[in-house]
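Comments concern the structure below.
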Amino acid sequence: MSAQERDFSVGSIKRQIMAQAVPLTVAQVVQLLYNVVDRIYIGHQPEAGDLALTGLGVTFPVIMLIAAFTNLFGTGGTVLFSIARGKRDEAEAEKVLGNVFALLAGTSVVLFALCYPLRRQILFLFGASETSVFYADQYLQIYLFGTAFSMLATGLNGYINAQGFPRTGMLTVILGAVVNLVLDPIFIFGLGMGVRGAALATVLSQAISAAWVLRFLTGKRAILKLRLSRIQISPQRTQRILALGLPGFVMQGTNSLVQIVCNNQLQAFGGDLYVGIMTVLTSVREILSLPVMGVSNGSQPVLGFNYGAKENQRVKEGIRFTSVIGIAYTMLAWVVVMLIPRQLMGIFTSDSAIVDTGAQMLKIYFFGFFFMAFQFVGQTAFQSLGKAKQAIFFSLFRKVVIVVPLTLLLPVIGLGVQGVFWAEPISNAIGGLACFLTMWAVIYRRL
């Protein structure tokens with residue numbers, strides 16, 4: 001990469017944002033394959049595909065909780081690691097790496113010890129029924145054995161990127177996703193393992209990714225290595241890691257909370273069918289959100305660089321560009337959902353009841369989908385310019401203050417099960433506009 005390409009204050013800011021966004025989007029697509037492929041194969045099982053899909057949806061909060069603890073240690077430690085490396089304090093950087101490894105490994109053991117014996121009670125708490133818990137438990141009892149693999153692979157991969165090896169870090173994700181993609185049909189259909197096969201394929205793919213990461217960090221290519229002598233927990237260092245990783249933990253944890261509330265309300269007002277439908281709708285949303293997330297994430301280093309360089313007009317141009325691209329794309333995605341809802345549902349299941357009813361719910365859930373772009377653009381601007389507290393606040397505002405109360409309230413005031421699906425578009429409109437307009441007032445107009 002040339003010096004000019006590193007300098008985001010010269011050249012077309014639109015081109016620079018897209019140059020960052022495209023590879024990020026590709027990496028996110030590969031990462032998404034981990035979960036989406038499982039859902040597609042499980043949903044198309046000849047027998048009980050609908051209940052199996054419902055069972056998988058009930059396990060989401062547990063998976064999100066594991067991801068939250070991974071972010072807590074992995075993200076917070078990466079910042080300290082990079083700072084120490086920038087100061088040429090290699091010993092401290094390796095101590096941070098060793099500390100994070102110990103935290104991830106130790107927490108994975110604790111989470112397994114807590115969740116495994118209580119998994120059925122947890123699944124009922126998270127919205128399982130007497131019928132769907134059979135499939136949810138089949139998946140979770142195997143998935144939990146891969147907790148350490150999942151946390152180490154994801155939590156330590158950032159330390160490969162932080163040393164200047166982004167391709168190697170990307171290969172970690174690609175390797176696991178490809179293995180999962182290959183093993184899923186073999187285990188689910190070829191060996192007739194069903195839901196257990198999907199969980200086993202995921203665990204094995206995570207184990208391979210974890211082995212890849214550990215092999216690099218302990219090998220010759222790593223500039224700073226994971227050494228046995230450095231694997232210890234320092235209270236002071238851990239406190240700094242937790243402080244820096246808390247925003248990611250909170251945001252991921254609230255996703256789990258929202259999913260739990262949704263599952264319980266859907267079970268109470270609609271039953272297993274609607275929990276299965278929400279599993280599909282969540283998957284469709286994740287897929288359709290990837291491009292706008294890629295543009296938002298790709299704009300962060302460009303906006304931050306220009307803000308630091310006091311190129312305020314370029315920052316404003318970048319915000320305008322991401323706003324236009326995000327809104328235009330989400331408008332197009334909304335049109336697509338309205339035109340082919342049954343086809344989108346059919347990607348994940350061949351069950352006619354889920355497809356027919358789900359197509360109606362899909363139109364509700366994605367109503368006014370373009371409002372989501374306002375949330376992404378606003379939060380991205382706050383994060384890029386160092387306003388992390390505001391970014392966290394508006395994430396919590398949309399999820400905890402709006403989505404959760406609406407999910408609890410709308411079904412009981414006459415909307416029934418449809419009220420759970422209406423909570424999403426209403427929260428996108430209120431939360432998205434609040435975030436964007438605040439950003440416009442306190443950041444954009446003052447640049």
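The values are calculated or read from the model by the stated rules, or taken from the named source; none is laboratory data. Please read all numbers here as calculations on a predicted model, not as lab measurements. Here the Cβ positions follow ideal geometry from the backbone for every residue, glycine too, while neighbour counts run over all protein chains shown. Only protein heavy atoms, including side chains, enter the accessible area calculation; ligands, DNA and RNA are left aside. Shrake-Rupley method; radii C 1.70, N 1.55, O 1.52, S 1.80 Å.
Brief remarks on what is shown
- Reported value for the stretch 136-216: 70 Å³ per residue, from the convex hull of its C-alpha atoms.
- Inter-site label distance for GLN232 and ARG167 at 7 Å from Cα along Cβ, in nm: 3.8
- Solution diffusion estimate, µm²/s, Stokes-Einstein, the chain, Kirkwood Rh from C-alpha pairs, 10 °C, viscosity 1.306 mPa s: 70
- For the stretch 158-278, convex hull of alpha carbons as volume per residue, Å³: 167
- Net charge of neighbours whose Cβ lies under 9 Å from the Cβ of ARG230, counting Lys and Arg as +1 and Asp and Glu as -1: +2
- Pairs of lysine residues in the chain that meet both criteria, 8 or more places apart or on different chains and Cα atoms under 20 Å apart, total 10.
- Using bins of 5 Å that start at zero, the share of Cα-Cα pairs per bin across the stretch 306-447 amounts to 2, 10, 16, 17, 16, 15, 10, 7, 4, 2, 1, 0, in whole %.
- For the stretch 179-222, the spread of Cα positions along each principal axis, largest first, Å: 42, 14, 11
- √(5λ) per eigenvalue of the Cα gyration tensor, the stretch 393-443, largest first, Å: 25, 9, 6
- Spin-label model, GLN239 to ILE83: label points 7 Å out along the Cα-to-beta-carbon direction sit 1.4 nm apart.
- Solvent-accessible area assigned to carbon and sulfur over the chain amounts to 65 percent, based on a 1.4 Å probe.
- Value of D in µm² per second that Stokes-Einstein yields for the stretch 47-130, Kirkwood Rh from Cα pairs, at 20 °C (1.002 mPa s): 142
- Inter-label distance for GLN313 and VAL110, nm, one decimal - labels placed 7 Å from Cα along Cα-to-Cβ: 5.3
- The slack in the chain from SER12 to LEU332, taken as 0.36 nm per residue of separation less the alpha-carbon distance, amounts to 112.7 nm.
- The stretch 98-166 - convex hull of alpha carbons, volume per residue in Å³: 98
- For the stretch 345-419, the fraction of alpha-carbon pairs lying more than 16 Å apart is 66 percent, rounded to a whole number.
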